[in-house]
1. Can you confirm whether residue 166 is buried (at least 19 other Cβ atoms within 10 Å of the Cβ) and in a strand (DSSP E or B)?
2. Identify, by number, the condition in (1) assigned to a helix (DSSP H, G or I); (2) open to solvent by 90 Å² or more (accessible area, probe 1.4 Å) that residue 64 doesn't meet.
3. Listed residues 99, 80; which is open to solvent by 70 Å² or more (accessible area, probe 1.4 Å) and either small (Gly, Ala, Ser) or under 28 Å from residue 22 (Cα atoms) (or both)?
4. List pairs: first in the stretch 175-196 and touching a residue at least 40 places away in the same chain (Cβ under 8 Å), second surrounded by 12 or more Cβ atoms within 10 Å (Cβ to Cβ) and assigned to a strand (DSSP E or B), Cβ under 7 Å, 6+ apart or cross-chain?
5. So for the stretch 41-53 (the condition being outside any helix (DSSP H, G or I), free of Cβ contacts under 8 Å to residues at least 24 places away in the same chain and open to solvent by less than 60 Å² (accessible area, probe 1.4 Å)), does at least one residue qualify?
6. Can you pull out the residues in the stretch 121-144 that are surrounded by 17 or more Cβ atoms within 10 Å (Cβ to Cβ) and either part of a strand (DSSP E or B) or of a type in the set (A, V, I, L, M, F, W, C) (or both)?
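The values are calculated or read from the model by the stated rules, or taken from the named source; none is laboratory data. Nothing here was measured: the structure is a model prediction, and the numbers come from that model. When we count neighbours, we look across all protein chains shown, and the Cβ atoms used for this are built from the backbone with ideal geometry, even at glycine. When the accessible area is computed, the model is the full protein with side chains, heavy atoms only, and any ligands, DNA or RNA have been set aside. Shrake-Rupley method; radii C 1.70, N 1.55, O 1.52, S 1.80 Å.
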Amino acid sequence: MLVEKERLASLGQMIGGIAHNLKTPIFSVAGAVAGLEDLINEYDSSIEDPNVNDQDMHEIAEDMKNWTKKIQSHISYMSDVITAVKGQAVALSETQLDDFNVEELFKRVDILMKHEIKQALVNLNIKNNVSTKITIHGNINALVQVINNLISNSIDAYNGWPNADIDLTAEYKDKNLIISVKDYGPGLPLSVKEKL
């Protein structure tokens, strides 16, 4: 029952994160589409206008290209969100081992924790000092969940303090990959430490 409760809590947190992470780029894409529609109308009405020269037409086309680049950027971000969320949803039901690097790991953590970090008014400082050539063989989704839980614990430790820092770092020392989550809260009470 506890495991199922934890899975449902993770799923609820993930759904909240999806809604938050996709809302902004969706609005941005909608704005870009409206901008493109205006440019299309401008282009269409200027085709037979004797006062419009080739340079004007090229400028309209350039503006259209800029809007499409912005749309592509937002679509790429939404794709990253969906990939991260899909991985976590799969992690709730099955175990899969893959090769991945710290950059991909931290990218998923950042996407999935962005909403919780923003709501808690804390700063997540991500420092990856590991080469992308160094890979990890394991379950990336389970590791994302572990790191997310540690970050959530750090948020809880601050107990609502605003503008607090949480450091997520990765470094490679003596053939060991060290990933750490550090906060600057009050620490654990002695009674809890003894139980650990």
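1. yes
2. It is condition (2) that residue 64 fails.
3. After ruling out the rest, the residue left standing is 99.
4. 177/136; 177/170; 179/170
5. Looking through the stretch 41-53, at least one residue is outside any helix (DSSP H, G or I), free of Cβ contacts under 8 Å to residues at least 24 places away in the same chain and open to solvent by less than 60 Å² (accessible area, probe 1.4 Å).
6. The answer is 122, 124, 128, 130, 136, 140, 143, 144.
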